[in-house]
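**Student:** First, the structure itself, so that you have it in front of you.
The values are calculated or read from the model by the stated rules, or taken from the named source; none is laboratory data. In this text the structure is predicted, and so the values were computed from the model without any measurement. Virtual Cβ from ideal backbone geometry, glycine too; neighbours counted across all protein chains shown.
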Amino acid sequence: MRKALPYLLSLPALLMCIGILIPFFTAVYYSMLRYRLNLPAMKGFIWFDNYINFFTDPKFWNTLKISLIYAGLTVVLELILGLVIALLLQKRSRVNNFVSILLLLPLMTAPALAALMWKLMTNPNFGILSYLVSLIGFPDMKWGSDPSTALFTVVLVDMWVYTPFMMILLLAGLRSLPTAPFEAAALDGVPRSFVFFRITLPMLMPYLLTATLFRLLDSIQQFDIIYAMTQGGPGDKLLVFQVQAYLDFFQATNVGRSAALMIILWAITYFLSNIFIKQWLKLRERAHGAA
Amino acid sequence: MYDKEKGLFEAFVKNKLSRRELLRTTGKLGLSAGAAGILLTQAQTNAMASDFDWMKYKGSKVKLLLNKHPYADAMIANIEAFKTLTGMDASWDIFPEDVYFDKVTAALSSGSSEYDAFMTGAYMTWTYGPAGWITDLNEYIKDPAKTNPNYNWDDVLPGLRASTSWNGVPGGELGSADAKQWCIPWGFELNNLSYNKPMFDKVGVQPPKNLAELLEVSAKLTKDLGGPYGVGVRGSRSWATIHPGFLSGYANFGERDFTVNDGKLKAAMNTAGSKAFHRDWVKMIQESGPKDWANYTWYQVGTDLGAGASAMIFDADILGYFMNGGDNKEKGNLGYAPFAANPAAAAPTPNVWIWSLAMNNAGAQKDAAWYFMQWASSVEHDLFGARKMDFVNPVRASVWNDDEFRARIDKSYPGYLNQYEVSAPGAKIYFTAQPLFFDLTTLWAENLQKMVAKEIPVDEGLDKMATEMDQKLVEAGLG
Amino acid sequence: MDHTSTFERILRGILLALVVLFFMFPIFWILLMSFQTNESILRMPPSVFFTPTFDNYIALVTGEMRTAAGSLQLNFMQNLWNSVLLSTTSVAVALVLGVPAAYAFARFKFRLGEDIAFTLLSFRFAPPLLVLLPLSLYFKSLGLTNTYIGLIWVYQLICLPLILWIVRGYFEDLSPDIEHAHRIAGYSWFQTFRKIAVPLALPGIAAAGLLAFIFSWNNFVFALVLASADKQPVTVGALAFVTASGIQYGQIAAAIVMSVIPTFVLAMFAQRYLVEGLSLGAVKG
């Protein structure tokens, strides 16, 4: 009984998800087909040709590059900003608690709708943000429609929506840190920067990793914000994985190519999260070994 | 009737009308409107019921997949007429336009039989048809046992009938003898100029007559109006950027998207004529288009015209029509003009978007579905929608000749009938029907964006684009 | 912490004000828009002065929208209800399944434990688009298409991994000593889990549950592909105001406000657990 218990506890959750594995493997099979719904005569099993074709396709490399840049930028910026906000709100007080909930509002706005509103707010004619930046000397800011500012614009919207996610996880982490080391450091007169980098950050690391992992998995798969703001344009500036695969599937009905693209995206996220989780487990071991 | 009611409520809100008065007057209106509705339904039923067993599928129920659109609203407003006529019932799922075609693709690709018929654009049937998701409607239209004798299929504008039929061969001519009728035209839009008359008067310009004038007039408007820009056209990274004004002007110069030789397709966007047109178009956007043109879809183009941010659009005529009503700031200020980009062309050649009805091939009750479809595309319903609702543009010649409809349009939309009549003979789909339509047309828009952003020069960009398209055509076994 | 200088207090104040401005301004602007007509929203330049109207909210609640094209029927309230139903049940199911599993991973070292945990988390990696097409085919043959049960099942993809990993972290931070003591006092494993472990991890569970709720609430692609119009969530309902005769920004803004309220209320309710109740440090000592 003692031995079976953990299996019994995790089994229902696993079973619930196992059903998803079947469609997943179906998709793996699709990715090895030349399979375009509106060219049924062309359908055939081609092993890894869809994947091999990507290697010589500059558009694919562009997609890979943009997706990684987007994910990297948003995660790093949101992590820093989220940590700063969490530190600002660390002290328990009524105001801080209220502000922390208030700051969750952007996260509660569906990204597809948030993007629609941002698109209006950045419209050169009617947009309040365009108007405001024109007052401070940028009368011709073109936001998402200009190749040089498109990435900045979608990253900004992503930060607005998802930084609160980072913030709340890190805040929970900060507040759950044991107080003893900090009291000791304060008594010894240890410099604050030293405390932050040598005590706070390492102890917060598991939370940082969890928050980063979840954001990274979401961000590299971003669709709603980018598609609603620019549809992957201007040009091919924001043609990230999900946008390209969406167009391949829903517009071109190119099931084979779309599935192959998604499998690659899945492999990337699998690889990245493996690294993170290994690190996370190691930290856990160390923390618990020390305690 | 709607205006009257709205006026009443406004008066009530502004305290001009007491609650008692409001209730009494709306009651009267409601009663008379209801009575009128019943009378109209009866008249329709009587006219249609002769010589055909409309009650054959009495008791059955069809389910429709609809886009949230005034055409669907017009149908729903008249659905009692269908129920009375056939004894059938109808239900529907309406999805917002933003996600509508995703829903259609999801439903059809899973082989779902939930929906019997659905709304679609003609371009989409180039995917749905070869994929085997929709039924060739010739089997129904040409069968007197299935189609009522008063259906009068030939009354549907010939360009639209042809544009919705295709033999399924990549590059095959639309409306050829061996073509399959993939869908029934329901309502359509053609592309011409809609413009703000007070703005034109202020600057002292007339609606342009060709592309050179369009550039000139838009530039002057942008410069002299001091605020609003000259001409609104779409620019988002989507096939939808190509099909309205852009392709209409492009086709007017006799330019093609693809050439077909021995059944092989080849991109034709890099001819000298095409390059010249692209150069002008790009220049027009850079000089007098919206600042954030690359964001522009149907909605932005329309919103700007309606809110007075733009002086003119080269887009769907019904977009200009919608912006002349509602709570738009510029309502009542808009005019309409036909537009032939090529000074040497005899008439405009507007490319068209056709909202159509198609039949789900996996549907379980196709004959009953066809009963709905022939009713929804009948002269009677078309007339109802054109007179009472915004079922515009109607697809039937007889409706365009209806005095009541003409009077309604002429009164509130000056120049609309004229722009339609001048350009209707040349109105059809100017794209080549082929399975890669969405991929390649989106690629076209992507390159247009790069040209407007000055990331690539026009001529070189078009050569590169044509090469890339040819390669994709070969990969798909089409080139 | 208490010996902060005046300079630092001011700096903190300014920083916090900037943060609140950045995150709250768009919300504030959306709130303003929800009380305006489209004509008033689409002014050049935009302005904060307008005559407020409740029409947008009235249209959403009564289900009737008046546009250029006449009167339209809406079912926004139905969409709102669908969102509440789908998100609440999905999170509830995910909690029932996920919390015991999280406890198992935190407390027991067992063969394949990490592998199972990783597999569960890996469902989070699968791009929804990847599984949607095959899923719609299988749903059809299983008769799950267009059922709440089918949707709730698919929503586990969003909820379960999140709950599992966050709650696991909290369990691991709790010292097992208290539970041991409780067990020694003669209580069964299940009683200990229910009376000691879960209450102690409640802040973590609340936080994870709230985040899972938010992510379920914001998802719409699953319902779009797998269910018909009467089961669509609030996002799809709000997109209905993007109409052929123009985008009804006022109504979209009102729809956003109304769709945020339930989650916000929930967050305020959970606040005690979410931020005030995080006194884990004392427990760990």
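**Student:** Does C:Ile152 satisfy the criteria of being surrounded by fewer than 20 Cβ atoms within 10 Å (Cβ to Cβ), part of a helix (DSSP H, G or I), in the same structural domain as C:Ser83 (by TED's automatic domain parsing) and in contact (Cβ under 8 Å) with a residue 24 or more places away in the chain?
**Tutor:** Here the answer is no, as C:Ile152 does not meet what is asked.
**Student:** Okay, next question. Give all pairs with beta carbons closer than 7 Å in which a residue from region A:149-164 that is within 11 Å of chain C (Cβ to nearest Cβ) meets a residue that is modelled with pLDDT of 95 or more and surrounded by fewer than 22 Cβ atoms within 10 Å (Cβ to Cβ); count only pairs at least 6 apart in sequence or on separate chains.
**Tutor:** A:Met159/A:Leu77; A:Met159/A:Leu81; A:Trp160/C:Pro26; A:Thr163/A:Leu81
**Student:** Would you confirm, using the coordinates I've provided, whether B:Ala240 is surrounded by fewer than 24 Cβ atoms within 10 Å (Cβ to Cβ), of a type outside the set (D, E, K, R) and more than 23 Å from B:Val352 (Cβ to Cβ)? Lay out the reasoning, then the answer.
**Tutor:** Numbers: surrounded by fewer than 24 Cβ atoms within 10 Å (Cβ to Cβ): yes; of a type outside the set (D, E, K, R): yes; more than 23 Å from B:Val352 (Cβ to Cβ): no.
No: the conditions fail for B:Ala240.
**Student:** Still on this structure, please answer the following. Do we find that B:Met389 is over 18 Å from B:Cys183 (Cα atoms) and surrounded by fewer than 24 Cβ atoms within 10 Å (Cβ to Cβ) in this structure? Spell out how you get there, then give the answer.
**Tutor:** Working: over 18 Å from B:Cys183 (Cα atoms): yes; surrounded by fewer than 24 Cβ atoms within 10 Å (Cβ to Cβ): yes.
Yes: the conditions hold for B:Met389.
**Student:** Identify, from the list A:Tyr246, A:Tyr207, A:Tyr270, the residue that is of a type outside the set (S, T, N, Q), touching a helix residue (DSSP H, G or I) at 6+ places or on another chain (Cβ under 7 Å), more than 14 Å from chain B (Cβ to nearest Cβ) and without any contact (Cβ under 8 Å) to a residue 24 or more places away in the chain. Show your work before the answer.
**Tutor:** Values: A:Tyr246 fails: more than 14 Å from chain B (Cβ to nearest Cβ); A:Tyr207 fails: without any contact (Cβ under 8 Å) to a residue 24 or more places away in the chain.
Of A:Tyr246, A:Tyr207, A:Tyr270, the one residue that is of a type outside the set (S, T, N, Q), touching a helix residue (DSSP H, G or I) at 6+ places or on another chain (Cβ under 7 Å), more than 14 Å from chain B (Cβ to nearest Cβ) and without any contact (Cβ under 8 Å) to a residue 24 or more places away in the chain is A:Tyr270.
**Student:** Here's another thing I want to ask about it. Looking only at region A:269-290, which residues are under 24 Å from A:Val28 (Cα atoms) and surrounded by fewer than 19 Cβ atoms within 10 Å (Cβ to Cβ)? First the steps, then the outcome.
**Tutor:** First, pick out the residues of region A:269-290 that are under 24 Å from A:Val28 (Cα atoms): A:269-275.
The answer is A:Tyr270, A:Phe271, A:Leu272, A:Asn274, A:Ile275.
**Student:** Sort out which residues of region B:350-408 are part of a helix (DSSP H, G or I) and of a type in the set (Val, Ile, Thr), and write them in order of number. Steps first, please.
**Tutor:** Quick first cut of region B:350-408, residues part of a helix (DSSP H, G or I) only: B:366-376, B:379-388, B:397-400, B:403-408.
B:Val379, B:Val399 - these are the residues of region B:350-408 that are part of a helix (DSSP H, G or I) and of a type in the set (Val, Ile, Thr).
**Student:** Please give the number of the condition A:Leu217 fails out of (1) out of contact with any Ser or Thr (no Cβ under 8 Å at 6 or more places or on another chain); (2) touching a residue at least 40 places away in the same chain (Cβ under 8 Å).
**Tutor:** (1)
**Student:** Can I ask one more? Which count do you get for residues in region A:107-146 that are touching a Ser or Thr at 6+ places or on another chain (Cβ under 7 Å), outside any helix (DSSP H, G or I) and within 18 Å of C:Leu239 (Cβ to Cβ)?
**Tutor:** First, pick out the residues of region A:107-146 that are touching a Ser or Thr at 6+ places or on another chain (Cβ under 7 Å): A:108, A:110, A:112-113, A:122-124, A:129-130, A:141-144.
Right, trim to outside any helix (DSSP H, G or I) and you get A:110, A:122-124, A:141-142.
Narrowing further to those that are within 18 Å of C:Leu239 (Cβ to Cβ): A:110.
Result for region A:107-146: 1.
**Student:** Could I ask something else about it? Can you tell me which residue is nearest to B:Met359 (Cα to Cα) among those in region B:398-421 that are in contact with a Pro (Cβ under 9 Å, 6 or more places away or on another chain) and surrounded by fewer than 17 Cβ atoms within 10 Å (Cβ to Cβ)?
**Tutor:** As a first pass, look at region B:398-421 and keep what is in contact with a Pro (Cβ under 9 Å, 6 or more places away or on another chain): B:400, B:402, B:405, B:415, B:418-421.
Next cut, surrounded by fewer than 17 Cβ atoms within 10 Å (Cβ to Cβ) only: B:418, B:421.
Details: B:Asn418: 34, B:Glu421: 31 Å.
The qualifying residue nearest to B:Met359 (Cα to Cα) is B:Glu421.
**Student:** Within region B:328-362, track down each residue that is without any contact (Cβ under 8 Å) to a residue 24 or more places away in the chain and either basic (Lys, Arg) or outside the structural domain of B:Thr432 (by TED's automatic domain parsing) (or both).
**Tutor:** B:Lys329
**Student:** Taking the stated definitions as given, is B:Leu265 touching a strand residue (DSSP E or B) at 6+ places or on another chain (Cβ under 6 Å), among the hydrophobic types (A, V, I, L, M, F, W, C) and within 21 Å of B:Ser412 (Cα to Cα)? Before you say what the answer is, go through the steps one by one.
**Tutor:** Values: touching a strand residue (DSSP E or B) at 6+ places or on another chain (Cβ under 6 Å): yes; among the hydrophobic types (A, V, I, L, M, F, W, C): yes; within 21 Å of B:Ser412 (Cα to Cα): no.
Judged against the criteria, B:Leu265 is not a match.
**Student:** Name the one entry in A:Arg257, A:Arg215 that is of a type in the set (Lys, Arg), assigned to a helix (DSSP H, G or I) and within 14 Å of chain B (Cβ to nearest Cβ). Break it down stepwise before answering.
**Tutor:** On the way: A:Arg215 fails: within 14 Å of chain B (Cβ to nearest Cβ).
Every option except A:Arg257 fails the conditions.
**Student:** When you look at B:Leu478, is it closer than 19 Å to B:Gly171 by Cα, in contact with a helix residue (DSSP H, G or I) (Cβ under 6 Å, 6 or more places away or on another chain) and either in the same structural domain as B:Leu334 (by TED's automatic domain parsing) or at pLDDT below 95 (or both), yes or no?
**Tutor:** Working: closer than 19 Å to B:Gly171 by Cα: yes; in contact with a helix residue (DSSP H, G or I) (Cβ under 6 Å, 6 or more places away or on another chain): no; either in the same structural domain as B:Leu334 (by TED's automatic domain parsing) or at pLDDT below 95 (or both): yes.
Judged against the criteria, B:Leu478 is not a match.
**Student:** Please indicate, with yes or no, whether at least one residue in region B:146-168 is free of Cβ contacts under 8 Å to residues at least 60 places away in the same chain, at negative phi and of a type in the set (A, V, I, L, M). Steps first, answer last, please.
**Tutor:** Going residue by residue through region B:146-168, those that are free of Cβ contacts under 8 Å to residues at least 60 places away in the same chain are B:153-154, B:158, B:161, B:165, B:167-168.
Now restrict to residues that are at negative phi: B:153-154, B:158, B:161, B:165, B:167.
From what is left, the residues that are of a type in the set (A, V, I, L, M) are none.
No - not one qualifying residue is present in region B:146-168.
**Student:** Something else: Within region C:4-121, which helices (runs of 4 or more DSSP H) (wholly inside it) include 2 or more residues that are of a type in the set (S, T, N, Q), under 30 Å from C:Trp153 (Cβ atoms) and away from chain B (no Cβ under 14 Å)?
**Tutor:** Values: elements: C:6-33, C:38-41, C:55-62, C:76-107.
Qualifying helices (runs of 4 or more DSSP H): C:76-107.
**Student:** Out of region A:58-75, which residues are surrounded by fewer than 15 Cβ atoms within 10 Å (Cβ to Cβ) and touching a helix residue (DSSP H, G or I) at 6+ places or on another chain (Cβ under 9 Å)? Even if it seems obvious, please write down each step before you answer.
**Tutor:** As a first pass, look at region A:58-75 and keep what is surrounded by fewer than 15 Cβ atoms within 10 Å (Cβ to Cβ): A:58-59, A:61, A:65, A:69, A:72.
If the condition is that a residue be surrounded by fewer than 15 Cβ atoms within 10 Å (Cβ to Cβ) and touching a helix residue (DSSP H, G or I) at 6+ places or on another chain (Cβ under 9 Å), then A:Lys59, A:Trp61, A:Ile69, A:Gly72 are the ones that fit.
**Student:** Right, another one. So A:Ile226 clears everything in (1) touching a residue at least 24 places away in the same chain (Cβ under 8 Å); (2) within 14 Å of chain B (Cβ to nearest Cβ); (3) in contact with a Leu (Cβ under 7 Å, 6 or more places away or on another chain); (4) not in a helix (DSSP H, G or I) except one condition, right? Which one?
**Tutor:** Result: A:Ile226 fails condition (4) only.
**Student:** Moving on to the next point. Has region C:201-224 got at least one residue that is crowded, with 19+ Cβ neighbours inside 10 Å, under 25 Å from B:Leu64 (Cβ atoms) and either more than 14 Å from chain B (Cβ to nearest Cβ) or of a type in the set (Gly, Ala, Ser) (or both)? I'd like the intermediate steps shown before the answer.
**Tutor:** First, pick out the residues of region C:201-224 that are crowded, with 19+ Cβ neighbours inside 10 Å: C:201, C:203-224.
Subset that is under 25 Å from B:Leu64 (Cβ atoms): C:220-224.
Next cut, either more than 14 Å from chain B (Cβ to nearest Cβ) or of a type in the set (Gly, Ala, Ser) (or both) only: C:223.
Yes - at least one qualifying residue is present in region C:201-224.
**Student:** Can I ask one more? Any residue at all in region A:32-43 that is among the hydroxyl-bearing types (Ser, Thr, Tyr), within 11 Å of another protein chain (Cβ to nearest Cβ), in a helix (DSSP H, G or I) and crowded, with 18+ Cβ neighbours inside 10 Å? Before you say what the answer is, go through the steps one by one.
**Tutor:** Initial filter on region A:32-43 (among the hydroxyl-bearing types (Ser, Thr, Tyr)): A:35.
Those still in the list that are within 11 Å of another protein chain (Cβ to nearest Cβ) too: A:35.
Next, only the ones that are in a helix (DSSP H, G or I) stay: none.
Looking through region A:32-43, none of the residues is among the hydroxyl-bearing types (Ser, Thr, Tyr), within 11 Å of another protein chain (Cβ to nearest Cβ), in a helix (DSSP H, G or I) and crowded, with 18+ Cβ neighbours inside 10 Å.
**Student:** Next question, about the same structure. If the Cβ limit is 7 Å and pairs must be 6+ apart or interchain, which residue in region B:283-298 that is more than 7 Å from chain A (Cβ to nearest Cβ) and over 16 Å from B:Ala445 (Cβ atoms) pairs with which residue that is of a type outside the set (A, V, I, L, M) and assigned to a loop (DSSP other than H, G, I, E, B)?
**Tutor:** B:Ser288/B:Gly230
**Student:** Please go through region B:96-128 and pick out each residue that is more than 8 Å from every other protein chain (Cβ to nearest Cβ) and of a type in the set (Gly, Ala, Ser).
**Tutor:** B:Ala107, B:Ser113, B:Ala117, B:Gly121, B:Ala122
**Student:** Conditions: (1) facing another protein chain (nearest Cβ under 7 Å); (2) in a helix (DSSP H, G or I); (3) under 15 Å from C:Leu157 (Cα atoms); (4) of a type in the set (A, V, I, L, M, F, W, C). C:Ala126 meets all but one. Number of the miss?
**Tutor:** All conditions are met except number (2).
**Student:** For region B:169-191, which residues satisfy the criterion of being within 18 Å of B:Asp155 (Cα to Cα) and part of a strand (DSSP E or B)?
**Tutor:** Correct list: B:Gln181, B:Ile184, B:Pro185, B:Trp186, B:Gly187, B:Phe188, B:Glu189.
**Student:** Pull up region B:192-206, narrow it to residues that are of a type outside the set (A, V, I, L, M) and not in a helix (DSSP H, G or I), then point me to the one that is farthest from the chain's Cα centre (by Cα). Steps first, please.
**Tutor:** Keep residues of region B:192-206 that are of a type outside the set (A, V, I, L, M), which gives B:192, B:194-198, B:200-202, B:204, B:206.
Retained after the next criterion (residues that are not in a helix (DSSP H, G or I)): B:192, B:194-196, B:204, B:206.
Details: B:Asn192: 12, B:Ser194: 15, B:Tyr195: 19, B:Asn196: 22, B:Gly204: 32, B:Gln206: 26 Å.
The residue in question is B:Gly204.
**Student:** Here is a list: B:Ala424, B:Ala433. Which entry is touching a residue at least 60 places away in the same chain (Cβ under 8 Å), small (Gly, Ala, Ser), farther than 19 Å from B:Arg234 by Cα and not in a helix (DSSP H, G or I)?
**Tutor:** Unique residue meeting the criteria: B:Ala433.
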